[in-house]
Amino acid sequence: MSRRKLYHVAFCCLLGVAAFGASRGAITKLTLNPDAPVVDLFEGKDQGQFDVRLVAMNAHEGRIFITNKTDKPLSVSVPAGLVGVQVHPQFGIPQQGGIGNFFGNGQQNPQQGQQQNQSVGGNAGPMNGNGVGVGFQNGNGFQNGQMQGNGLNFFSIPPEKTVQLAFNSVCLNYGRREPHAGLKYELVKADSLTTDPVLLQLLEDYSPRTNREAQQAAAWHLANGLSWDKIAQLKDEKVPGDPRPLFTAQQIQAGRQLAEQAQKKAADRPKKVDAVRSVVAK
């Protein structure tokens, strides 16, 4: 193994150890403090109230760490759709410009695609379903009766404490390499990168209880414009000399259904956005 590769492996190990260390002291059982003011996650980050870190472990799993940097308890509202973007040492964060150019694939942008790993998109949820008095609107299995579904995820963070969330995702740049814990990723709102309501709906609806491969096929179809015929021709190159279909016929059919469901639900997005704004304004 070359010296450069050894340095890379050592660096990845250090990042993994750091992420593990952060998770040991983080709160995983979510609660809601009714007296704590509600702050939008990214507005709080910009104002210095929250520190937000994402560890993208692979294509479908990650960890989000949110630290309350203030001396008072705060309730945080997390957008239903989230995207993790690699912060590349050479390229930084790619320019944000919507579905047409941001969620391209490595074949469309070979120079950057060969070096940039895939972005991952989906939503956040409690670790192992641990949540009391909080409302999660996405497919992660928690919606408390105290918090009606309005497209926002609420929970509270004590002062100077860190909460750990599960990040459930799919890859969004066909042709690029998958993420891993040794890479630096930045968490952003999905709607800051694309205005496609169908893709946004698919990411918000992502559920670890639904077939991952079907959701991945739907994501590449919507984000990268891969036709269903093209998706059916994709091969799994992980087994040398024995390339197998990346998706089964059943997974592709399920993916098509998920994309169609997202399209139907996207028609109601304006009503949903109005409902969310009314909750935040209260």
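Any residue that is within 18 Å of the chain's Cα centre (by Cα), modelled with pLDDT of 60 or more and closer than 19 Å to L54 by Cα - is there at least one of those in segment 138-153? Yes, there is a match, as at least one residue in segment 138-153 is within 18 Å of the chain's Cα centre (by Cα), modelled with pLDDT of 60 or more and closer than 19 Å to L54 by Cα. Within segment 228-235, can one find any residue that is part of a helix (DSSP H, G or I), at pLDDT 95 or above and either touching a Lys or Arg at 6+ places or on another chain (Cβ under 7 Å) or at positive phi (or both)? Checked against the condition, which is being part of a helix (DSSP H, G or I), at pLDDT 95 or above and either touching a Lys or Arg at 6+ places or on another chain (Cβ under 7 Å) or at positive phi (or both), segment 228-235 yields at least one hit. Any chance you could count how many residues in segment 180-199 are modelled with pLDDT under 95 and crowded, with 24+ Cβ neighbours inside 10 Å? Here the count works out to 2. Flag not set for N168, criterion: modelled with pLDDT of 55 or more and either in a loop (DSSP other than H, G, I, E, B) or charged (D, E, K, R) (or both).
The values are calculated or read from the model by the stated rules, or taken from the named source; none is laboratory data. Remember, it's a predicted structure, so these values are computed and weren't measured experimentally. In this analysis, Cβ positions are derived from the backbone assuming ideal geometry, glycine residues included, and neighbour counts consider all displayed protein chains.
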